[in-house]
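Asker: This is the structure, below, for whatever I ask next.
The values are calculated or read from the model by the stated rules, or taken from the named source; none is laboratory data. All of these numbers come straight from a predicted model, not from anything done at the bench. Cβ coordinates were reconstructed from backbone atoms using ideal geometry, including for glycine residues, and neighbour counts include every protein chain displayed.
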Amino acid sequence: MKNKVTKAIFPVAGMGTRFLPATKAIPKEILTLVDRPLIQYAIDEARAAGIKEFIFVTSRGKSALEDYFDHAPELEHSLRKKGKDELLEVLKTTNMDSGAIAYIRQHKALGLGHAVWCARRLVGNEPFAVILPDDVIAAETPCLAQMTEAFAETGGNIVAAMEVPRDRARAYGILDVKEDMGSVVSVRGMVEKPETGTEPSNLAVIGRYILTPKIMQNLNRMKSGAGGEIQLTDAIEQEVRNGGEVFGYRFRGQRFDCGSKAGFLQATVAFGLSRPDLRDEFGAYLTGLTQQQQAAE
Ligand code: G1P
């Protein structure tokens, strides 16, 4: 297939200061939603979309991520001896084929665009996906798989998109919509973190991208933008100006902003309730809590 995507970049170099002190000693991507670290959700989503090569852009203090995706011979041996086959199966989801995973260091925190650019040699002249693990998306068909399908048809750059309240637009990359075709919109521009009142729409970029190699070329020349950082949004916008195609894709699913404490808690509740082994006990607890609150009002 012409427009097949097999490589994904996971920018995981951020310091996670919003989750201090937890993130003093562990990467924020290892913070756990029920019983799986955030990064595992991102990897599972990539696998479901047919990704075969996983490129992590890391920084100092992130070695726990490398250990997480490695084999754990003592642990595996002990589980095998005890006949704990189910747990062994769970552990398998954390393993990667030899050579399927690569780690690149971003030596300076120069922004998301710079982090993606750090992976340019590993990506080469191919389309690639970018997944921001802070954005966790619960969906029947995983979000990236929805997007690879759309990419196979269009071949243009695709960013995941979602309507946000106008007063929240300044926290996102915002699309300037050329034509709205329903689940797909074509884009005539993009602005990273616009000042309130200047946003071109309320359609925000969410952390899933399928990009053409031209975006890497644009990043070669990108100057710093919003917040003094090199922005991926700007490199994608440059592509529109160069005459390339950029689409927003309204995915089917619910997005949780696990980069914020409130979003993380909401995701914990939603994923807890969706788990057959926890649903009854946890659901009963939440119902009891709501009833107590109502009685107190
Ligand atoms: C990043 C992107 C932004 C996008 C957002 C989605 O911003 O720069 O365009 O809307 O992710 O979560 P960040 O949240 O890292 O500031």
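Asker: Which condition number in (1) within 13 Å of the ligand (Cβ to nearest atom); (2) under 23 Å from residue 5 (Cα atoms) is the one that residue 203 fails?
Answerer: If we test residue 203 against (1) within 13 Å of the ligand (Cβ to nearest atom); (2) under 23 Å from residue 5 (Cα atoms), just (2) comes out false.
Asker: On to the next question. Conditions: (1) within 14 Å of the ligand (Cβ to nearest atom); (2) modelled with pLDDT of 95 or more; (3) surrounded by fewer than 16 Cβ atoms within 10 Å (Cβ to Cβ). Residue 224 meets all but one. Number of the miss?
Answerer: Answer for residue 224: the failing condition is (2).
Asker: Separate question: For the subset of the stretch 46-91 comprising residues that are acidic (Asp, Glu) and farther than 24 Å from residue 24 by Cβ, which member is surrounded by the most Cβ atoms within 10 Å (Cβ to Cβ)?
Answerer: Checked the stretch 46-91; the qualifying residue surrounded by the most Cβ atoms within 10 Å (Cβ to Cβ) is 53.
Asker: Between residues in the stretch 81-105 that are under 21 Å from residue 56 (Cβ atoms) and residues that are hydroxyl-bearing (Ser, Thr, Tyr) and part of a strand (DSSP E or B), which pairs lie under 6 Å by C-beta distance while being six or more apart or on different chains?
Answerer: Filtered contacts from the stretch 81-105: 103/58; 105/58.
Asker: Is it the case that the stretch 212-219 has a residue that's within 13 Å of the ligand (Cβ to nearest atom) and either under 17 Å from residue 160 (Cβ atoms) or of a type in the set (Ser, Thr, Tyr) (or both)?
Answerer: No: zero hits.
Asker: Please state which of the following conditions residue 92 fails to meet, knowing it meets all the rest: (1) modelled with pLDDT under 95; (2) within 16 Å of residue 53 (Cα to Cα).
Answerer: (2)
Asker: Sort out for me the strands (runs of 3 or more DSSP E) sitting completely within the stretch 48-154 that have 3 or more residues that are of a type outside the set (A, V, I, L, M) and either on the phi < 0 side of the Ramachandran plot or touching an Asp or Glu at 6+ places or on another chain (Cβ under 8 Å) (or both).
Answerer: Output list reads 53-58.
Asker: Test residue 145 against the stated conditions and say whether it is within 27 Å of residue 39 (Cβ to Cβ) and within 14 Å of the ligand (Cβ to nearest atom).
Answerer: No: the conditions fail for residue 145.
Asker: Working carefully through the options 111, 124, find the one that is crowded, with 23+ Cβ neighbours inside 10 Å and either at pLDDT below 95 or within 16 Å of the ligand (Cβ to nearest atom) (or both).
Answerer: Being crowded, with 23+ Cβ neighbours inside 10 Å and either at pLDDT below 95 or within 16 Å of the ligand (Cβ to nearest atom) (or both) holds for just one of 111, 124, which is 111.
Asker: In addition: Name the one entry in 229, 245 that is on the phi < 0 side of the Ramachandran plot, buried (at least 16 other Cβ atoms within 10 Å of the Cβ) and among the acidic types (Asp, Glu).
Answerer: Result: 229 is the single residue among 229, 245 that is on the phi < 0 side of the Ramachandran plot, buried (at least 16 other Cβ atoms within 10 Å of the Cβ) and among the acidic types (Asp, Glu).
Asker: Moving on. Hey, could you check the stretch 230-254 for residues that are in contact (Cβ under 8 Å) with a residue 60 or more places away in the chain and of a type in the set (Lys, Arg) and say which is farthest from the ligand (Cβ to nearest atom)?
Answerer: Filtering the stretch 230-254 for residues in contact (Cβ under 8 Å) with a residue 60 or more places away in the chain gives 230-236, 239, 244-254.
Those still in the list that are of a type in the set (Lys, Arg) too: 250, 252.
Numbers: 250: 14, 252: 18 Å.
The selected residue is 252.
Asker: Tell me which residues, restricted to the stretch 267-297, are closer than 29 Å to residue 150 by Cβ and out of contact with any strand residue (DSSP E or B) (no Cβ under 6 Å at 6 or more places or on another chain). Quick ask: steps written out before the conclusion?
Answerer: The first filter runs over the stretch 267-297 and keeps only residues closer than 29 Å to residue 150 by Cβ, leaving 267, 270-271, 274.
Residues satisfying the conditions are 270, 274.
Asker: List pairs: first residue in the stretch 109-121 and in contact (Cβ under 8 Å) with a residue 12 or more places away in the chain, second residue surrounded by fewer than 17 Cβ atoms within 10 Å (Cβ to Cβ) and in a helix (DSSP H, G or I) anywhere in the structure, Cβ distance under 7 angstrom, at least six positions apart or on different chains.
Answerer: Filtered contacts from the stretch 109-121: no entries.
Asker: Can residue 133 be described as within 14 Å of the ligand (Cβ to nearest atom) and not aliphatic (A, V, I, L, M)?
Answerer: yes
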